[in-house]
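I have placed the structure first, in the form of C-alpha cells, so that the comments after it can refer back to it.
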Ligand code: KIV
C-alpha cells in the first residue's frame, strides 16, 4: 500500500466555483525555484508575458514569443503540483487569425498549462470563443492591456471616464458571453472593476483594479523586492528578498577572496 498522498492540481472548474465563496490568490512565476516556493500557497500561477520585462529586462512585452513562454510554462509545471497553471499568449500569437490562435494556444497546453490568458477587447471575443470551443480555457485580460502600449500611448489606467468605463465593461461582457472562464482586470478604475465583478458570473482577477475582485494577481518580483527600482502603485512589497540575496552573495564573495571557502570539506578525493 502506498503512503504517498497525491496532491491534486486545482482545476479551472474548481477555480470558477470559488466565485463568491473564496478569493483566488495568484502570482506570476517564470522559473522552477520560484514556482516550487509559490505552489503551496497559491491557487493559480500565471506565466505572464511580463517575463519579458521582469526576467529579460526588455522595455515592454511585445517581442516575447510563444516558444519562449512555453519553455517557462514547462519549467513551472515541472516544479509544481497544486496550483492551476495559466499561460499568457504573447503579442502577435493570436491576433492574426483564429487558426493561428489555436495553434499557439495548443503549444501552451502541450507545455502543461491548464488554460491561456489573452489581452483584448470585445473585438477579440471571437478568438476566445474559437479557443474555448476547441478545448482551450481562456481568461480574457481587459482594462490596461500592456500589449496595446502603443495604442494607449503608455501604461495608463483605463476606464477613467464614463465612456471609457462603458467600453471596458462591454469588453468584459463580450468575453464572458464568448465562454471565458475568468477575466483579468488590470489597471482599471475601482468602481468599474467592482461593477464588472458584480455583473459577471465568472471570477475576476484584479491587478490595480479593486479589492472587490474575486481574486488578485501581482508580479512575484514586486512583492519580494526583486524588481530593481520602484514598484507600481497597485503593488505591495511583502518581503525584502533582495536584501537576503545581497547579504548571501556578499558573504560568498568575501569567503572566496579571504580563502575561507572552499575548504577541504568541499573537495573530492580528500582522505579524512
Ligand atoms: O504578464 C503578466 O504578468 C500579466 C500580469 C501582470 C497580470 O499579465
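The values are calculated or read from the model by the stated rules, or taken from the named source; none is laboratory data. These figures come from a predicted structure and were not determined experimentally. Every residue, glycine as well, gets a Cβ built from its backbone with ideal geometry; the counts of neighbours run over all protein chains shown.
Condition first: in a loop (DSSP other than H, G, I, E, B) and either near the ligand (Cβ under 10 Å from one of its atoms) or outside the structural domain of residue 205 (by TED's automatic domain parsing) (or both). Now tell me which residues in the stretch 39-83 satisfy that. Break it down stepwise before answering.
Step one: filter the stretch 39-83 for residues in a loop (DSSP other than H, G, I, E, B), giving 40-43, 48-50, 55-65, 79-83.
Once the filter is applied, which keeps residues that are in a loop (DSSP other than H, G, I, E, B) and either near the ligand (Cβ under 10 Å from one of its atoms) or outside the structural domain of residue 205 (by TED's automatic domain parsing) (or both), the stretch 39-83 yields 48, 49, 50, 61, 64.
Could you list, in sequence order, all residues of the stretch 54-69 that are more than 20 Å from residue 154 (Cα to Cα), out of contact with any strand residue (DSSP E or B) (no Cβ under 7 Å at 6 or more places or on another chain) and buried (at least 21 other Cβ atoms within 10 Å of the Cβ)? Please lay out each step first, then the result.
Keep residues of the stretch 54-69 that are more than 20 Å from residue 154 (Cα to Cα), which gives 55, 65-69.
Then drop every residue that is not out of contact with any strand residue (DSSP E or B) (no Cβ under 7 Å at 6 or more places or on another chain), which leaves 55, 65-68.
Matches in the stretch 54-69: 66 only.
List the number of the failed condition for residue 35; all other conditions in (1) touching a helix residue (DSSP H, G or I) at 6+ places or on another chain (Cβ under 9 Å); (2) part of a loop (DSSP other than H, G, I, E, B); (3) within 27 Å of residue 211 (Cα to Cα) hold.
Going through the list (1) touching a helix residue (DSSP H, G or I) at 6+ places or on another chain (Cβ under 9 Å); (2) part of a loop (DSSP other than H, G, I, E, B); (3) within 27 Å of residue 211 (Cα to Cα), residue 35 breaks only (2).
So which strands (runs of 3 or more DSSP E) are wholly in the stretch 145-222 and hold at least 1 residues that are under 16 Å from residue 125 (Cα atoms), within 12 Å of the ligand (Cβ to nearest atom) and touching a strand residue (DSSP E or B) at 6+ places or on another chain (Cβ under 7 Å)?
On the way: elements: 182-186, 204-207, 215-218.
By residue number, 182-186.
Just checking, does the stretch 224-236 include any residue being buried (at least 19 other Cβ atoms within 10 Å of the Cβ), within 16 Å of the ligand (Cβ to nearest atom) and in contact (Cβ under 8 Å) with a residue 40 or more places away in the chain? It would help to see each step written out before you state the result.
Step one: filter the stretch 224-236 for residues buried (at least 19 other Cβ atoms within 10 Å of the Cβ), giving 224.
In the following step, the residues that additionally are within 16 Å of the ligand (Cβ to nearest atom) were identified as 224.
Now narrow it down to the ones that are in contact (Cβ under 8 Å) with a residue 40 or more places away in the chain: none.
No, the stretch 224-236 contains no residue that is buried (at least 19 other Cβ atoms within 10 Å of the Cβ), within 16 Å of the ligand (Cβ to nearest atom) and in contact (Cβ under 8 Å) with a residue 40 or more places away in the chain.
Restricting the stretch 25-38 to residues that are more than 13 Å from the ligand (Cβ to nearest atom) and under 25 Å from residue 140 (Cβ atoms), which is surrounded by the most Cβ atoms within 10 Å (Cβ to Cβ)?
That would be 35.
Please specify each residue of the stretch 169-202 satisfying the condition of being surrounded by 24 or more Cβ atoms within 10 Å (Cβ to Cβ) and under 28 Å from residue 98 (Cβ atoms).
171, 172, 175, 180, 182, 183, 184, 185, 188, 196
Given the residues 157, 172, which is the only one that is on the phi < 0 side of the Ramachandran plot and at pLDDT 95 or above? Steps first, please.
Numbers: 157 fails: at pLDDT 95 or above.
Result of the check over 157, 172: 172.
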